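First comes the structure, then the notes that go with it.
The values are calculated or read from the model by the stated rules, or taken from the named source; none is laboratory data. Small disclaimer: the values here were computed from a predicted structure and weren't measured. Here the Cβ is made from the backbone with ideal geometry for all residues, glycine too, and neighbour counts use every protein chain on show.
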Amino acid sequence: MNINTYAHKYLKPLLNQTMITCDLTCGNGLDTLFLASNSKKVYAFDLQEKAIENTKRRLKDFDNVILIKDDHAKLDLYIKEKLDLVMMNLGYLPNGDQKIITKSSSSIPAFLKAYDLLKEGGYISLALYLGHDGALKEYHAFKKVLKDFFVIERYQNKRSLLEPQLFIIKKVYRPQTHCRQKA
Ligand SMILES: C[S@@+](CC[C@H](N)C(=O)[O-])C[C@H]1O[C@@H](n2cnc3c(N)ncnc32)[C@H](O)[C@@H]1O
C-alpha cells in the first residue's frame, strides 16, 4: 500500500464532521478531498496556480473548502482558529513542474506553526519523499525536528533507501519541568 492510501486509512477513524482540518500542500486535491469528505471545514494551501485549479475542479461539489494560493509558511495569517488535523504531503506536484518542490526553509516553519495551531490531541500527517532533487535535504531537516515530537506512527511501503516515508505526529500535553535549584 502506498503512503497516501495508508495515511487516509489511518486518519479516517480519527476524523469526524465537527473537525477543522488543513491540507498544507493541496496539489491535485486528493488529500483535500479526503479531508473535505471527513471533516467540517478544510483550509487548503498551495503555491501553484495549477494546483489550486486542480483542487478547485476536484472539490467542485464541496462548500467546506477554503483554498489559499500562498506559501504554507504563512498559514497563521489565514487561520485564526484551532485545528484538529493537518496533512503535509511534501515534494512536487505529480504531473506538474518538478522544479517547484517543497523546501525545508518553508515546510519546517509551516509544520511548527501548524503544530502551534493544533488542539491538544490533534494530529499532523507528514509524507516525506527521498527520490527527487532536494528531497534528501528536506528529509534530514525534518528528521532532526521530529526528535522533539511524539511520532505515533511511521510507515514505509517497502524498506528501501529512497522509498517515501509517512509520519503521524500527535500533539500531546507536556507538563513544564520545574527544576528546584540547590541552595
Ligand atoms: C506532493 S504535492 C501534494 C499532493 C497533494 N496533497 C494531493 O493530494 O494531490 C506537493 C505540493 O506542494 C506544493 N508546494 C511547494 N512548496 C509550497 C509552499 N511553500 N507552500 C505551499 N505549497 C507548496 C507544490 O506546488 C505541490 O503541489
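A few remarks follow.
- When the stretch 94-111 is filtered for residues that are in contact (Cβ under 8 Å) with a residue 40 or more places away in the chain, touching a strand residue (DSSP E or B) at 6+ places or on another chain (Cβ under 9 Å) and under 14 Å from G131 (Cα atoms), only T102 remains.
- Scan of the stretch 11-46 for residues that are farther than 25 Å from S104 by Cα and hydroxyl-bearing (S, T, Y), ordered by number: T18, S37, S39
- Number of residues in the stretch 45-58 that are buried (at least 21 other Cβ atoms within 10 Å of the Cβ) and more than 7 Å from the ligand (Cβ to nearest atom) equals 2.
- Test: residue in the stretch 121-138 that is in contact with a Leu (Cβ under 8 Å, 6 or more places away or on another chain), among the polar types (S, T, N, Q) and closer than 13 Å to I168 by Cβ: yes
- Here K69 meets each of (1) crowded, with 16+ Cβ neighbours inside 10 Å; (2) in contact with an Asp or Glu (Cβ under 7 Å, 6 or more places away or on another chain) with one exception, condition (1).
- Residue identified as modelled with pLDDT of 85 or more and surrounded by 16 or more Cβ atoms within 10 Å (Cβ to Cβ) among L146, L162: L146
- Taken over the stretch 3-44, the residue count meeting the criterion of being within 8 Å of the ligand (Cβ to nearest atom), under 14 Å from I168 (Cα atoms) and either over 13 Å from the mean Cα position of the chain (by Cα) or without any contact (Cβ under 8 Å) to a residue 60 or more places away in the chain (or both) is 0.
- Selection from the stretch 93-144 of residues that are in a strand (DSSP E or B) and not aliphatic (A, V, I, L, M): K119, E120, G121, G122, Y123, S125
Results for (1) surrounded by 15 or more Cβ atoms within 10 Å (Cβ to Cβ); (2) more than 19 Å from G27 (Cβ to Cβ); (3) of a type in the set (K, R); (4) in contact with a Gly (Cβ under 6 Å, 6 or more places away or on another chain), shown as yes or no for each residue.
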residue	(1), (2), (3), (4)
K82	no, yes, yes, no
M87	yes, no, no, no
G91	yes, no, no, no
D97	no, no, no, no
I101	yes, no, no, yes
S105	no, yes, no, no
F111	yes, no, no, no
E120	no, yes, no, no
Y123	yes, yes, no, no
